[in-house]
Every structure is written in structure tokens, then in C-alpha cells.
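Undergrad: Please read through the structure below; I'll follow up with questions.
Bear in mind these aren't lab numbers, they're just calculated from the coordinates by the rules spelled out. Quick caveat: nothing in here was measured; it's all calculated off a predicted structure. Here the Cβ positions follow ideal geometry from the backbone for every residue, glycine too, while neighbour counts run over all protein chains shown.
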Amino acid sequence: MSSSQRVHASERTAEVAAPAGVVYGLLADAVRWPLLLPSSVHVERMDFDGTHERLRLWDVADDRVRSFHMRRILNPHTRTVAFELEDTFRPGVPTTGRWTVEARDDTETLLTLSQERTLEGLPGNAGARGRREWEEETEAQLAQVKNIAERWERLDELLLSFEDSVHVAGPAELVYDFLYRIEDWAQLVPHVDAARVIEDVPGVQVAAMDTFAEPGGLSVTTRTVRLCFPAAARIVYKELASPELVAAHSGEWSLEPDEDGVRVVCARQVMLREEAVEPVLGGGTELAEARRYVREWLGRASAETLRLATWHALNSSGVRRLR
């Protein structure tokens with residue numbers, strides 16, 4: 001092994017005030033990570049036979065969107081998840097490791113993350129810096145899992161998923177074009193004041209938007225990572241900064257062709273920020289009421305955007321049928 005390629009090992013643990021089954025379930029259900037873990041943007045399950053799994057993941061670190069391939073072996077009996085993670089920008093130098101979940105008692109768990117990684121670069125200060133950054137990422141991963149797992153008793157009340165859709169008898173390409181060109185929404189979508197987009201990598205957008213957010217009609221700034229898949233007619237997204245009432249928000253725009261056009265769907269997953277419910281919506285507001293409020297508020301925004309995307313497609317193509 002050369003001096004510029006050294007394998008570094010790391011093992012970190014965290015005490016988690018949650019049942020071991022809850023902690024293991026969180027680790028095993030990778031598809032839900034974008035909603036539950038702040039750094040996760042999107043997870044695609046490529047293959048799964050109940051034990052062996054292949055994933056494609058995107059995350060964000062310091063405003064940089066990264067992409068990975070991961071292979072995992074899930075063992076619910078021993079509550080371990082072994083993995084091999086390969087950064088698409090560093091092929092051939094995977095990170096290998098294992099999550100281990102140990103029950104201390106019915107409500108206390110010891111969580112261990114063991115890893116080995118090849119850190120490329122010059123020896124000395126450069127190597128030390130790479131190791132330090134990796135250790136910080138490891139600590140952040142453990143902290144994110146611990147934070148969400150310890151809220152397990154309230155998660156069902158804090159999470160909501162819903163979708164809105166519209167059908168258009170027109171070409172899917174024009175609808176997709178409208179959804180992709182988010183930088184134009186300030187001129188086209190009434191609830192958007194301003195939109196700024198950075199797309200350093202084709203199909204990977206980091207968008208900042210000033211929008212009218214309820215309650216009060218105040219303008220707030222949201223920041224969103226958007227992954228655009230034109231061949232599949234999909235755009236998935238994860239908000240990095242959301243209105244106060246929303247702790248996490250991810251979703252997908254998708255186009256589903258049928259016999260006489262295309263159905264345009266906006267699917268959203270939201271986690272409420274419980275401590276913001278009463279300050280934002282008023283004293284005594286229950287979570288059930290906050291859930292209804294957020295569903296209606298975001299639903300109106302979805303419906304408005306869907307209608308305008310459809311109008312764009314119909315007018316551009318000369319078709320005039322909308323339902």
C-alpha cells in the first residue's frame with residue numbers, strides 16, 4: 001500500500017434512549033432516511049431479497065451533494081447491518097463497516113458504528129485533515145440516528161405523507177420542462193417571490209426560493225436539493241431549510257403516462273417540528289390540527305404549481321383539455 005493510501009479504522013458508540021428494535025428498524029429502512037436524517041437527500045433501492053440490498057444514495061455535506069452506491073447485509077436476528085459504501089467520485093476505494101444494535105434493557109440501546117476507509121491524499125497534514133473530517137461525519141451520523149430514534153413514541157403523529165395530482169391530455173415533455181425550470185417560477189407561480197438555482201452537475205440542482213408561507217402570508221426562504229431524472233420523468237427533492245413549522249420535507253414530482261395523456265403527481269413527506277406548533281399556530285393547538293393545517297397549506301401550493309405546469313403544457317402544445 002502506498003503512503004498516499006492508508007486504511008483508517010474507526011469505531012464510535014452512542015447510548016440511545018429507545019428500544020433496540022426501534023433503532024434497528026430505523027437503520028434497516030433506508031428509503032425513509034431522507035425524511036428522518038438531515039444529511040440524507042434521496043435513497044433508491046435497486047435490489048433487495050430480504051437480506052442483501054443494493055442502494056443508490058445522495059446526501060449533502062457543506063452544500064455539496066454527493067452520490068454513493070451501497071451494498072448491505074441486514075440481519076434482524078443479531079440486529080446488525082453490514083455495508084460497503086462507494087463514493088461515485090472515488091471508485092475503487094470503498095468504505096466498509098457495520099452498525100451493531102445492542103439492547104441494554106427495554107428502552108435503552110447501545111449503538112455502535114465500526115468502519116474502515118481508505119483516505120487518499122498526501123501524508124501528514126492532508127491525511128490528518130481527511131481523517132478528522134471522516135470522524136466528524138461519523139459522529140454526526142450517530143447523533144442523527146440517536147436524535148430521531150429517541151422520538152420514536154411521537155413519530156407517527158409527527159409524520160405525514162400525501163400526494164396531489166392532475167391529469168393533462170398533453171405531452172409529458174412540456175410538463176417536465178416547467179417543473180425542471182424552477183428558476184422561472186418567480187414569474188410564473190404566484191406563491192414564489194424569487195428563485196435562484198445552482199446546477200454545477202447536470203440534473204443536480206440546489207435551489208433557494210422566497211415563498212409566501214402561511215400563517216400570515218409572510219415571505220420565507222427555503223433551500224432545496226433537487227435530483228432530476230428526465231428519462232424517468234421524475235424530480236425528487238429534499239428541503240435543507242424549511243418554514244418553522246416543518247422539521248423535514250422531502251418529495252417527488254412524477255409523470256405517469258396513460259392512454260390519453262399524463263398524470264402529474266406531487267408526493268410529499270413531512271415531519272412536523274413539535275415545539276413550533278403552538279408558537280406558530282397558537283396556544284392549545286394539537287398535533288392533529290397542525291397535521292391538517294400543513295396538509296392543506298402544502299396541498300394548495302402543490303395544486304397551484306400542478307395547474308400551472310399543466311397550463312404551460314397545454315398552451316405550448318395547442319391542446320386545451322384539462323381535468
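Undergrad: Which label marks the calculated value of P(r) over Cα pairs in 10 Å bins from 0, in percent, given the options [x] 5, 22, 24, 20, 16, 9, 3, 1; [y] 5, 22, 29, 24, 14, 4, 0; [z] 6, 28, 36, 22, 7, 1?
TA: So the calculated entry is the one marked [y].
Undergrad: How long is the gain from ARG151 to GLU296 if the chain were fully straight, where each residue apart is worth 0.36 nm and the alpha carbon distance is subtracted?
TA: Extra length available between ARG151 and GLU296 comes to 49.7 nm.
Undergrad: Another one. What FRET efficiency comes out for GLU84 versus ALA232 if R0 is 22 angstrom and r is the Cβ-Cβ distance? Round to the nearest 0.05.
TA: In this case the efficiency is close to 0.30.
Undergrad: Relative contact order, percent, of region 5-149 when contacts are C-alpha pairs under 8 Å separated by at least 6 residues?
TA: 31
Undergrad: What FRET efficiency comes out for ALA61 versus ASP258 if R0 is 51 angstrom and r is the Cβ-Cβ distance? Round to the nearest 0.05.
TA: According to the calculation, E is roughly 0.80.
Undergrad: Run the quick spin-label model on THR285 and GLU199: label points 7 Å from Cα toward the beta carbon, then report their separation in nm to one decimal.
TA: 3.6
Undergrad: Please work out the C-alpha center-to-center distance from region 150-179 to region 30-47 and express it in whole Å.
TA: Cα centres, region 150-179 to region 30-47: 16 Å.
Undergrad: Calculate how steeply helix 125-149 sits against the longest principal axis of the alpha-carbon atoms of the chain, using the helix alpha-carbon long axis, and give the answer as 0 to 90 degrees to the nearest 10.
TA: Roughly 70 degrees, rounded to the nearest 10.
Undergrad: Please give the contour-minus-distance gain from GLU304 to GLU183: 0.36 nm per residue of separation, less the Cα-Cα distance, rounded to one decimal in nm.
TA: Computed gain between GLU304 and GLU183 is 41.9 nm.
Undergrad: Also, quick follow-up: Would you mind checking the tilt of helix 287-317 against the longest principal axis of the Cα atoms of the chain, expressed as 0 to 90 degrees and rounded to 10?
TA: Here the helix axis deviates by roughly 60 degrees.
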